[in-house]
Amino acid sequence: MFKLKNLFSHALMALALVSGSVFAGPSYHVSIATNSFDGSGELELAFNSPSTTTVSTAVVSNFSSNFGAVSYSEGTSGSVANLLTMTSPQSFLVRAVDFGGVFSFDVAFDTPATGFDATGFAVSLLQGMDYLVQGAVQISMFPGQNPTISVGDIALVTEIVPGADVPEPTDLALLATGLGLMGFTLRRRQR
């Protein structure tokens with residue numbers, strides 16, 4: 001009976017220590033340099049999956065630079081001022097921009113852990129009805145695999161490492177729970 005309790009307490013410790021990072025999807029900071037273009041145009045964000053039954057989510061936030069109004073939106077919810085949620089199988093957002101600067105935003109994904117279909121996120125630049133740069137950024141995610149990232153000459157994508165800046169309160173609570181369980185286990189062993 002004692003070994004079963006010991007095994008259970010170790011399992012709880014392991015779960016408490018790693019559960020904060022296991023369920024988080026990949027997050028990226030995307031920058032698009034438009035210095036080589038003149039005038040104004042539009043930035044298109046597309047989030048697609050060939051599967052109509054598997055739902056994935058992309059949360060876009062922290063838009064920075066000279067963005068204008070949203071001219072087209074499908075399959076999105078929330079606000080471009082705070083958090084914008086895009087859901088598959090098809091989501092699009094087209095937003096006006098004045099070229100000549102660097103546009104950036106953060107995107108975090110919640111993708112299914114199982115299945116066969118890839119989910120793709122793409123960023124393109126348009127002027128009028130024409131693509132200036134189609135697929136400046138392409139992020140492809142297959143369930144259970146690391147994402148594949150393709151960037152053009154005008155784009156930069158960096159991974160956002162969770163907890164690298166400031167730990168979230170939930171992460172600290174999980175760490176405290178794990179440490180408490182470790183202390184409890186050690187105390188029980190001494191008896």
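The values are calculated or read from the model by the stated rules, or taken from the named source; none is laboratory data. Note that the structure is predicted; figures quoted are calculated from it, not measured. No Cβ is skipped: glycine too gets one built from the backbone with ideal geometry, and neighbour counts run over all protein chains shown.
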Query raised in the report: Would it be correct to say that V55 is touching a residue at least 24 places away in the same chain (Cβ under 8 Å) and not in a strand (DSSP E or B)?
Result: yes
Report task. Considering each of G144, G135, G120, G128 in turn, give the residue that is on the phi > 0 side of the Ramachandran plot and in contact (Cβ under 8 Å) with a residue 40 or more places away in the chain. Result -> G128
Query - Hits in region 118-133 - residues which are of a type in the set (S, T, N, Q) and farther than 11 Å from E44 by Cα - result: T119
Query raised in the report: Quick one: which of A46, A24, A16 is at pLDDT 90 or above, among the aliphatic types (A, V, I, L, M) and either part of a loop (DSSP other than H, G, I, E, B) or surrounded by 16 or more Cβ atoms within 10 Å (Cβ to Cβ) (or both)?
Result: A46
Report summary line: For region 61-100, the count of residues that are in a loop (DSSP other than H, G, I, E, B) and surrounded by 15 or more Cβ atoms within 10 Å (Cβ to Cβ) equals 7
Report task. Go through region 37-64 and count every residue that is within 20 Å of I160 (Cβ to Cβ) and either more than 20 Å from the chain's Cα centre (by Cα) or hydrophobic (A, V, I, L, M, F, W, C) (or both). Result -> 7
